[in-house]
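To start, the structure under review is shown below, and the notes come after it.
Just so it is clear, none of the values below were taken in a lab; they were calculated from the coordinates. As the structure is a computational prediction, the values presented were derived from the model and not from experiment. A quick note on method: Cβ atoms are made from the backbone with ideal geometry, for glycine too, and the neighbour counts reach across all protein chains shown.
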């Protein structure tokens with residue numbers, strides 16, 4: 001149980017375009033999902049916390065207008081990288097918590113974004 | 001600011017030996033700790049967790065030790081196997097939903 005999927009797994013786009021990444025909890029409902037970014041050989045950096053039905057909470061230094069997050073249902077959160085630039089190239093990982101308590105996060109497989 | 005760090009960025013062990021990965025945390029308010037394993041190109045995978053009211057917890061081939069006095073966390077892997085080769089992250093939670101990850105340790109298992 002507690003499976004989280006991401007789509008797409010890999011995406012290449014041109015600079016200036018927008019890219020949408022989906023995160024789905026497959027066998028549980030997730031009131032809270034998280035979006036992380038991971039650069040090569042570095043740790044996971046939390047970008048934002050996504051709550052179903054409300055606005056996402058962004059970490060300091062993360063531009064909310066550039067990284068649009070929509071948590072439309074209890075099983076789906078989307079991250080849209082708007083006007084992507086090469087420096088946005090990274091590994092984007094989502095995670096989800098089943099329930100409202102503080103519990104272990106279950107991570108998706110990640111999405112590799114390459115902006116040319 | 002608060003951080004979770006690791007003593008060793010890389011660890012190389014012989015297959016069959018035990019591995020010990022260490023982690024230091026600085027937030028004394030943290031009361032929940034998790035170890036994750038991340039293989040190349042994949043998302044982190046939960047290994048084991050421990051709450052601050054415990055100092056040891058065992059799983060299958062893994063043991064987590066927590067020393068709150070010195071704010072130290074360790075992951076012990078018994079009889080390390082080639083499939084254990086990965087990057088291991090410790091993470092801490094201070095009571096909310098936010099989890100802070102450490103820098104990571106890469107484990108190499110030599111056959």
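Structure summary
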{"item": "Relative contact order (percent, whole number), chain A, Cα cutoff 8 Å, 6+ residue spacing", "result": "37"}
{"item": "Most mobile of A:32, A:75, A:57 in a GNM of chain A (Cα contacts under 10 Å)", "result": "A:57"}
{"item": "Label-point separation in nm, residue A:55 to residue B:12, each point 7 Å along Cα→Cβ", "result": "5.2"}
{"item": "Kirkwood Rh and Cα Rg combined as Rg/Rh, region A:1-78", "result": "0.96"}
{"item": "Residues in region A:62-97 reached by a label modelled at residue B:42 [backbone nitrogen below 15 Å; 7 Å Cα→Cβ]", "result": "none"}
{"item": "Other protein chain Cβ atoms within 10 Å, averaged over every residue that makes up B:85-96", "result": "1"}
{"item": "Shape call, the protein assembly as shown: gyration tensor on alpha carbons, a/c limit 1.5", "result": "prolate"}
{"item": "Label point distance in nm, residue A:17-residue B:26, each placed 7 Å from Cα along Cα→Cβ", "result": "4.1"}
{"item": "Segments B:50-56, A:46-52, B:70-76 sorted - mean Cβ within 10 Å per residue, highest first", "result": "A:46-52, B:70-76, B:50-56"}
{"item": "Shielding of B:44-55 by partner chains, average beta-carbon count, 10 Å", "result": "2"}
{"item": "Rg ratio (alpha-carbon, reference 2.2 N^0.38 Å) - chain B", "result": "1.01"}
{"item": "Efficiency of FRET between residue A:73 and residue B:58 - r from beta-carbon atoms, R0 45 angstrom, step 0.05", "result": "0.75"}
{"item": "FRET E, pair residue A:82, residue A:26, Förster distance 25 Å, beta-carbon r, rounded to 0.05", "result": "0.40"}
{"item": "Sequence-separation-based contact order of chain B, relative, with Cα cut under 8 Å and 6+ spacing, percent", "result": "38"}
{"item": "Most fluctuating residue given options A:42, A:60, A:105, as computed from a GNM of chain A linking Cα atoms under 10 Å", "result": "A:42"}
{"item": "Average other protein chain Cβ within 10 Å of Cβ, residues B:100-111", "result": "2"}
